[in-house]
Structure formats: structure tokens, C-alpha cells
1. Compute the acute angle (0 to 90°) between the alpha-carbon long axis of helix 88-104 and the principal axis of greatest extent of the alpha-carbon atoms of the chain; round to the nearest 10°.
2. 7 Å from Cα along Cα→Cβ at both Ala19 and Ile90: what's the point-to-point distance in nm?
3. Cα atoms only, the range 90-133: Rg and Dmax in Å?
4. Among Ile27, Thr140, Pro108, which residue has its Cα furthest toward the positive end of the charge dipole of the chain, with +1 on Lys/Arg Cβ and -1 on Asp/Glu Cβ?
5. Using alpha carbons only, how many degrees (0 to 90, rounded to 10) separate the axis of helix 66-82 from the longest principal axis of the chain?
6. Along each principal axis of its Cα atoms, how long is the chain end to end? Whole angstroms, biggest number first, please.
7. Could you state the per residue volume, in Å³, of the convex hull enclosing the Cα atoms of the range 61-112?
8. Using just the helices of the chain, give the 222 nm mean residue ellipticity in deg cm²/dmol: DSSP H runs with n ≥ 4 each add -39,500 (n - 2.57), and the total is spread over all residues, rounded to 500.
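Each reported figure results from applying straightforward, stated rules to the coordinates on display, with no laboratory input. This structure is a prediction, so every number in the text was calculated from the model and none was measured. Cβ atoms come from the backbone with ideal geometry, glycine included; neighbour counts cover every protein chain shown.
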Amino acid sequence: MRYYQLKWKMVPRFIADIAGYSAVFAIYILLIVWLADLSGFTGEVQNFQTPASPTPAEVFGIAVLTPLIENALLVMLIVGLQKHAIPDAIITGICGALAGTLHAIITPFWGITTMMLFFLMARLFLKYQRYSNTTGFFATLLMHVMLNTAGVLAGGD
């Protein structure tokens with residue numbers, strides 16, 4: 001695999017891709033919440049919310065620490081699967097299914113939403129991995145931190 005260096009002129013495209021993937025995820029979340037409300041599963045949606053006034057430690061844990069750990073594991077999983085010549089489409093499916101299943105242990109609604117997030121982050125990583133694993137990791141980390149921060153700050157009642 002040939003690697004390219006991310007150049008400064010690519011930064012606007014890099015940011016636009018992260019924003020685009022985040023927008024797709026936001027639309028997906030709105031659709032899932034709407035369908036849950038429509039079908040009467042509002043209790044599941046409420047269990048997904050963060051505390052009304054999170055402490056700084058909770059904000060740091062949810063918005064920074066958790067994405068660092070989860071994205072490091074995501075990158076290790078993707079790189080490990082690539083060593084076995086597994087196609088990218090299968091890799092993204094595995095990443096989404098595994099993350100969704102693990103997060104569903106907390107609440108099924110969380111699993112449904114996380115599945116799509118990790119699917120999109122795996123696609124984003126694979127797109128920017130051609131520059132380097134670090135660039136791909138940073139792209140997914142930036143998206144994850146941004147979405148978790150928005151979620152924790154907007155969460156609660």
C-alpha cells in the first residue's frame with residue numbers, strides 16, 4: 001500500500017469529510033429518535049441521555065478519554081483485519097456490528113446508534129489511511145470527540 005502525506009491544501013477537504021460524515025450520523029440519530037418516539041420506545045431514548053449537569057470529569061471522560069480508547073481499538077481492529085486481506089466493506093461492517101453489540105450491553109438504543117457511528121468512522125479511517133494510520137486515526141478521533149462533546153453538552157433533560 002502506498003502512503004501519501006496529508007498536505008495543508010487538503011485540510012479543508014479533511015474537515016469537510018469529517019463534517020459530512022458527522023452530518024450523516026446526525027440525520028441517522030434524528031431518524032432513529034423519531035422512529036423510537038413514533039413507536040412508543042421513548043424510555044429507550046431517555047436511557048441514552050447523559051446527566052443534566054455533567055461534572056467536568058464526566059465531560060472529559062465522555063468527550064476525550066473514551067474516544068481516544070475506542071478509536072485506538074478501532075484502528076487496531078481495522079489494521080489487524082487488513083493483514084488478513086479482508087475487504088474494506090466487510091471491515092466496516094465488522095467494526096459497526098462489534099461496536100454496536102458492545103454498546104448495546106448498556107442499552108439497545110445505544111447499540112443501534114453506535115453501530116452507525118463506528119461504521120462511518122471505519123469508512124473515514126480507511127479513506128484517510130492512504131495518507132497514514134495516524135491521519136486516519138486523527139480523522140476518526142476528531143469526529144468522535146466532536147459528536148461525543150455535542151452529545152454530552154446537549155444531553156440531559
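1. Orientation of helix 88-104: about 30 degrees from the principal axis.
2. 3.7 nm
3. So, for the range 90-133, Rg and Dmax equal 11.3, 36 Å respectively.
4. Thr140
5. 50 degrees
6. 49, 31, 25
7. Values: hull volume 3.9 nm³, N = 52.
Given the Cα convex hull of the range 61-112, per-residue volume reads 75 Å³.
8. Numbers: 7 runs with 118 residues, N = 157.
Computed ellipticity for the chain at 222 nm equals -25000 deg cm²/dmol.
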